[in-house]
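Structure, as structure tokens:
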Amino acid sequence: MPYLYHNCNEENLKWPDRKKRLFNQFKMSNADNVCLQEVDADYYYNTYLSYFQSQEYDGVFKQKTQEKIDGCATFFKKYKFSLKENHSLEMLKNGIDLLNRDNIALISILTPFKNPDKQICIVNTHLLYNHKREDVRLAQLQVLLAEINRVVCKITNDPPVILCGDLNFTPSSKLYSFLSQGRLKYEHLDIKKLTNCGSQKIGKTFLPKELYISDSCQYLQELKRDNCIEEEFFSSGTLTHKFAFKSVYNSDEFPKVRLNSICHNLVDYILYSNIDEKFNKHEKQELILLERLRLPTYKDCLKIGPLPNNQNGSDHYYLEARFRWNCV
């Protein structure tokens, strides 16, 4: 999309220069896990994978559907973790209007060599870009949360979850509130923007029942295993989930910045979760946030200029966090 970069210096858009800056950032970070979005499939296999392997990482990749050439890539230090499971999620569901897009996710279960009885779930996703369709992003989140739940509930002692990605919504949105608070009353909200205004409203049913994904963001078979009452599965008017996600960055730390030629809030996140206490899955938290890379202020962004530039190879700012995990 060249129109996004008309304020950028053309020299800074050339891939060899961008690649060099990106790899310098990765090397300086030296993170145990790296989650990337909008990775060209050819570049993944011909460039990214060989680079990360040279730095003692292993990786997994999922390309978007419908002939899109980019996807999500997750890398992990192979001398620290083994890949126990990897699940690719396609959010395209034939015949479902809210799920007719090409977005995808990777759900990776990693086991630390220091404690092989423990696992951690790393989720990497890229949700729909169209800012007028909050309803589509909500549907994608419902499917994603159901899939995360399906994966982690099969593991003894539910693992902590880290969710990374370009979610394409702001901290002031109902979607952010839904992830962090675990609840969203969708009934009577505007059918596309999820606001209280608008003439077209959502009814009691959001996703069709034939998907077998409940309003608690769980697959039907998981609910039946938990002996839930069937009337509570669907058409409640409210979505819930069991993950109490916290953002590495507080919502008031997200400045309105110019990422490229378009000025908007940051839409990328690192979210982490220990299973919600009201589900009695954990007696104590396993993941503790220790530090994070500081976000640029609005003044910083004006000084840095549009992205990518001669300092940043990406058109998004790099997010980074360090956690203490009680098991290692």
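The sole residue among 110, 141 that is in contact (Cβ under 8 Å) with a residue 24 or more places away in the chain and in a helix (DSSP H, G or I) is 141. If you filter segment 91-107 down to residues that are without any contact (Cβ under 8 Å) to a residue 60 or more places away in the chain and surrounded by fewer than 18 Cβ atoms within 10 Å (Cβ to Cβ), you find that the one that is farthest from residue 272 (Cα to Cα) is 95. For segment 120-138, enumerate the residues that are of a type in the set (S, T, N, Q) and buried (at least 23 other Cβ atoms within 10 Å of the Cβ). Across segment 120-138, the qualifying residues are 124, 125. If we keep just the residues of segment 65-90 that are farther than 25 Å from residue 209 by Cα and under 17 Å from the mean Cα position of the chain (by Cα), which is surrounded by the fewest Cβ atoms within 10 Å (Cβ to Cβ)? Checked segment 65-90; the qualifying residue surrounded by the fewest Cβ atoms within 10 Å (Cβ to Cβ) is 86.
For segment 29-57, a residue qualifies if it is in a strand (DSSP E or B) and touching a residue at least 60 places away in the same chain (Cβ under 8 Å), and the qualifying residues are 33, 35, 36, 37, 38.
The set of residues in segment 117-127 that are out of contact with any Pro (no Cβ under 9 Å at 6 or more places or on another chain) and either part of a strand (DSSP E or B) or within 15 Å of residue 266 (Cα to Cα) (or both) comprises 122, 123, 124, 125, 126, 127.
Taking the criterion of being of a type in the set (Asp, Glu) and surrounded by fewer than 17 Cβ atoms within 10 Å (Cβ to Cβ), the residues of segment 288-319 that qualify are 291, 300. Can you tell me which residue within segment 181-190, out of those that are in contact with a Gly (Cβ under 7 Å, 6 or more places away or on another chain) and part of a loop (DSSP other than H, G, I, E, B), is surrounded by the most Cβ atoms within 10 Å (Cβ to Cβ)? The qualifying residue surrounded by the most Cβ atoms within 10 Å (Cβ to Cβ) is 186. Part of a strand (DSSP E or B), farther than 24 Å from residue 267 by Cα and either modelled with pLDDT of 95 or more or not basic (Lys, Arg) (or both) - does that describe any residue in segment 66-79? Checking segment 66-79: at least one residue is part of a strand (DSSP E or B), farther than 24 Å from residue 267 by Cα and either modelled with pLDDT of 95 or more or not basic (Lys, Arg) (or both). Taken together, the residues in segment 7-50 that are out of contact with any Gly (no Cβ under 9 Å at 6 or more places or on another chain), acidic (Asp, Glu) and surrounded by fewer than 16 Cβ atoms within 10 Å (Cβ to Cβ) amount to 3.
The values are calculated or read from the model by the stated rules, or taken from the named source; none is laboratory data. Keep in mind that what you see is a predicted model, and the values were worked out from it rather than measured. Note: ideal-geometry Cβ built from the backbone for every residue, glycine included; neighbour counts use all protein chains shown.
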